[in-house]
Amino acid sequence: MTGTSNYGIKTVLHPVSDLEKAKALYGALLGQAPQTDGPYYVGFEVAGQHIGLVPGGGPQRLTSPVAYWHVADIHEKLAELASAGATLRDAASEVGGGRLVATVVDRDGNVLGLIQDA
């Protein structure tokens, strides 16, 4: 199979209903304070993984955790996934610092996230 390189799952976002309570729980689980701590997003960096807490599911409307695959070319990967039967959920958009994110849905309704860093 040809196509863009994957760098693996390095980011998992969790929708939370109470950011402060979730921050305390994940801080206890991970044994550290968050590196990013704002009213709309809290992020932890642990063992090469980024664990993000998104209040109310955020603009992505998350209803369950979503794993984000880091890829070299998000547009090419979206085209490959569409050819393989995925449905676009959220088109690629910049979320800051040149980072692009997108989501697709597989044939079973699972949401798959993609991230391309600048």
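Looking across the stretch 61-118, the residues that are on the phi > 0 side of the Ramachandran plot and either without any contact (Cβ under 8 Å) to a residue 12 or more places away in the chain or surrounded by 13 or more Cβ atoms within 10 Å (Cβ to Cβ) (or both) come down to 61, 96, 109. Go through the residues of the stretch 103-118 one by one and say whether even a single one is within 19 Å of residue 38 (Cβ to Cβ) and part of a loop (DSSP other than H, G, I, E, B). For the stretch 103-118, residues within 19 Å of residue 38 (Cβ to Cβ) and part of a loop (DSSP other than H, G, I, E, B): absent. Close contacts from the stretch 12-30, counting a first residue that is under 10 Å from residue 53 (Cα atoms) and a second that is of a type in the set (Lys, Arg) and assigned to a helix (DSSP H, G or I), with Cβ to Cβ under 9 Å and a gap of 6+ residues or different chains, come to 16/23. Taken as a whole, the condition of being assigned to a loop (DSSP other than H, G, I, E, B) and either loosely packed, with under 10 Cβ neighbours inside 10 Å or modelled with pLDDT under 95 (or both) does not apply to residue 34.
Table: residues versus (1) among the acidic types (Asp, Glu); (2) assigned by TED's automatic domain parsing to the domain that holds residue 113.
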residue	(1), (2)
20	yes, no
26	no, no
75	no, yes
87	no, yes
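Of the residues 57, 43, the single one that is in a strand (DSSP E or B), more than 13 Å from residue 9 (Cα to Cα), of a type outside the set (D, E, K, R) and touching a Ser or Thr at 6+ places or on another chain (Cβ under 7 Å) is 43.
The values are calculated or read from the model by the stated rules, or taken from the named source; none is laboratory data. Note that this is a predicted model, so its numbers are computed, not measured. Quick reminder, even Gly has a Cβ in these numbers, built from the backbone with ideal geometry, and neighbours come from all protein chains shown.
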